[in-house]
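Undergrad: What follows is a single structure, and I will ask about it in a moment.
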Amino acid sequence: MTDIPNTPPGTPAPVTVVDHPLVQHKLTLMREHDTSTASFRQLLREISLLLAYEVTRTLPMTTKTIQTPLVEMEAPTIEGKKLALISILRAGNGLMDGILDLIPAARVGFVGLYRDPESLQPVQYYFKVPQHLEDRTCIVVDPMLATGNSSAAAVDLLKKSGARDIRFLCLLAAPEGIARMQEAHPDVAIVTAAIDSHLNDHGYIVPGLGDAGDRMFGTK
Ligand code: URA
């Protein structure tokens, strides 16, 4: 485990619930059964910008010398290589599109994992990520942190590829998923718009919003 700066050794990375009124309002609209696919997608794009703002709040900063029209100054800038956004397919792509509006220079990777409906365990079918993950902040995106099995497996794969600074961004989290992630990857900070009550017998988040992939892509 990588200890978090300025915390006692062994302290898990924080779980942040973004309680901004715009996030909460948009999330309520997304949860509603009658919200159309088009509206769901648009809301997801909007909310992802606001969540991206929060997950990038603690990016390491440095300064560089620039010339304004008036004087030279030491101006703040984000340190290090470009961020890596890692989408857990397929629902992660819906979150990622909005984040790319905010961070257009980010590098993008994909982890393809599906959930075996019987065991609820993740099965990998695709993995393609940017080079030099060890030098980048990686933001893993998946709208639903449900059992946490896929998320933990995706982070395992990223760590095997060298990633060290990893954050996890989702829209909804279940307590079970947070517990699973904190057990497997206590160094990974989690940012979410809400923590719901529990998982049902099919691994769906309750009250939730249903199947995020189906709702954003209009499949069933
Ligand atoms: N994946 C979803 O899309 N929805 C859930 O509630 C849980 C996992």
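Undergrad: Restricting attention to region 140-167, which residues are small (Gly, Ala, Ser), in contact with a helix residue (DSSP H, G or I) (Cβ under 7 Å, 6 or more places away or on another chain), open to solvent by 10 Å² or more (accessible area, probe 1.4 Å) and within 26 Å of Arg45 (Cα to Cα)? Break it down stepwise before answering.
TA: Our first condition is that a residue be small (Gly, Ala, Ser); within region 140-167, this holds for 146, 148, 150-154, 161-163.
Those left that are additionally in contact with a helix residue (DSSP H, G or I) (Cβ under 7 Å, 6 or more places away or on another chain): 146, 148, 151-152, 161-163.
Of the ones still in play, those that are also open to solvent by 10 Å² or more (accessible area, probe 1.4 Å) are 146, 161-162.
Answer for region 140-167, where residues must be small (Gly, Ala, Ser), in contact with a helix residue (DSSP H, G or I) (Cβ under 7 Å, 6 or more places away or on another chain), open to solvent by 10 Å² or more (accessible area, probe 1.4 Å) and within 26 Å of Arg45 (Cα to Cα): just Ala146.
Undergrad: Now a separate question. Quick one: Ser87 ticks every box in (1) modelled with pLDDT of 95 or more; (2) open to solvent by 60 Å² or more (accessible area, probe 1.4 Å); (3) within 29 Å of Lys128 (Cβ to Cβ); (4) within 16 Å of the ligand (Cβ to nearest atom) bar one, so which box is it?
TA: (2)
Undergrad: Might you let me know whether region 57-65 holds any residue that is closer than 20 Å to Thr16 by Cβ, open to solvent by less than 70 Å² (accessible area, probe 1.4 Å), out of contact with any Lys or Arg (no Cβ under 8 Å at 6 or more places or on another chain) and in a loop (DSSP other than H, G, I, E, B)? Walk me through how you get there before you give the answer.
TA: Applying the first criterion (closer than 20 Å to Thr16 by Cβ) to region 57-65 yields 57-61.
This time we only want the ones that are open to solvent by less than 70 Å² (accessible area, probe 1.4 Å), so: 59-60.
Then keep just the ones that are out of contact with any Lys or Arg (no Cβ under 8 Å at 6 or more places or on another chain); that gives 59-60.
From the residues that got through so far, the ones that are in a loop (DSSP other than H, G, I, E, B) too are 59-60.
Yes, the conditions are met somewhere in region 57-65.
Undergrad: Now, a different point. Restricted to region 93-107, and to residues that are farther than 12 Å from Tyr53 by Cβ, in a helix (DSSP H, G or I) and of a type outside the set (Gly, Ala, Ser), which residue is most open to solvent (accessible area, probe 1.4 Å)?
TA: Going through region 93-107, the residues farther than 12 Å from Tyr53 by Cβ turn out to be 93-97, 100, 104-107.
Keeping just the survivors that are in a helix (DSSP H, G or I) gives 93-97, 100.
Narrowing the set further to residues that are of a type outside the set (Gly, Ala, Ser) leaves 93, 95-97, 100.
On the way: Asn93: 44, Leu95: 0, Met96: 8, Asp97: 71, Leu100: 49 Å².
Looking at the filtered set, the residue picked out is Asp97.
Undergrad: Within region 174-203, how many residues turn out to be among the small types (Gly, Ala, Ser), under 18 Å from the mean Cα position of the chain (by Cα) and within 11 Å of the ligand (Cβ to nearest atom)? Walk me through how you get there before you give the answer.
TA: So in region 174-203, the residues among the small types (Gly, Ala, Ser) come out as 174, 177, 179, 184, 189, 193-194, 197, 203.
Narrowing further to those that are under 18 Å from the mean Cα position of the chain (by Cα): 174, 177, 179, 184, 189, 193-194.
Adding the requirement that they be within 11 Å of the ligand (Cβ to nearest atom) leaves 174, 177.
Total meeting the criteria: 2.
Undergrad: What number of residues in region 204-220 are of a type outside the set (A, V, I, L, M), within 8 Å of the ligand (Cβ to nearest atom) and touching an Asp or Glu at 6+ places or on another chain (Cβ under 9 Å)?
TA: Residues that pass the stated criteria total 2.
Undergrad: What number of residues within region 1-38 satisfy the criterion of being modelled with pLDDT under 80 and loosely packed, with under 11 Cβ neighbours inside 10 Å?
TA: Number of matching residues: 5.
Undergrad: Now for a different question. Among residues belonging to region 110-133 that are in contact (Cβ under 8 Å) with a residue 40 or more places away in the chain and more than 14 Å from the ligand (Cβ to nearest atom), point out the one that is most open to solvent (accessible area, probe 1.4 Å).
TA: The qualifying residue most open to solvent (accessible area, probe 1.4 Å) is His132.
The values are calculated or read from the model by the stated rules, or taken from the named source; none is laboratory data. Quick caveat, the model's predicted, so the values are computed rather than measured. We place every Cβ from the backbone using ideal geometry, glycine too, and count neighbours over all the protein chains shown. Just so you know, the surface numbers come from the protein's heavy atoms only, side chains and all, with ligands and any DNA or RNA stripped out. Shrake-Rupley method; radii C 1.70, N 1.55, O 1.52, S 1.80 Å.
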